[in-house]
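Below: the structure, in structure tokens.
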Amino acid sequence: MSHAAAFPAPARATAAVAARATDLSKVYGQGETQVVALDQVSVEFGRARFTAIMGPSGSGKSTLMHCMAGLDSISSGSALIGDTELTGLNDKKLTQLRRDKIGFIF
């Protein structure tokens with residue numbers, strides 16, 4: 001039996017996108033104290049998939065998760081959960097979206 005037959009290649013993911021960020025930026029402060037935590041990040045997370053976000057301390061992992069979950073506002077770009085754009089949602093709608101659609105572990 002060949003290695004390929006024993007361990008077939010995983011099927012290509014055709015599931016819908018669960019969450020998406022496009023040109024997402026998050027800036028804290030202004031002037032000399034300004035910190036760019038996210039600089040035009042674009043990423044997609046597939047539905048029904050586990051995803052790990054890794055990187056060194058201060059690289060923006062937690063900021064990305066907070067922005068993608070609607071826990072923190074974004075400075076520019078867009079963040080979507082399914083087809084729902086997070087920017088512009090009021091607190092009640094954000095709370096409902098987080099309760100019904102989002103789960104992640106830090």
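Listed values, structure above:
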read-out: Selection from segment 82-101 of residues that are without any contact (Cβ under 8 Å) to a residue 40 or more places away in the chain and either in a loop (DSSP other than H, G, I, E, B) or on the phi > 0 side of the Ramachandran plot (or both); value: Asp83, Leu86, Thr87, Gly88, Leu89, Asn90
read-out: Segment 58-68, subset out of contact with any Lys or Arg (no Cβ under 6 Å at 6 or more places or on another chain) and free of Cβ contacts under 8 Å to residues at least 40 places away in the same chain, residue nearest to Ala19 (Cα to Cα); value: His66
read-out: Test: residue in segment 46-57 that is within 25 Å of Ala16 (Cβ to Cβ) and in contact (Cβ under 8 Å) with a residue 40 or more places away in the chain; value: no
read-out: Test: Ala79 is surrounded by 14 or more Cβ atoms within 10 Å (Cβ to Cβ), without any contact (Cβ under 8 Å) to a residue 40 or more places away in the chain and not aromatic (Phe, Trp, Tyr); value: no
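A short reminder: the numbers here are calculations on the coordinates, not readings from a lab. The model shown is predicted, which means the values in this text are computed figures rather than measured ones. Ideal geometry is used to build each Cβ from the backbone, glycine not excepted, and the neighbour counts take in all protein chains shown.
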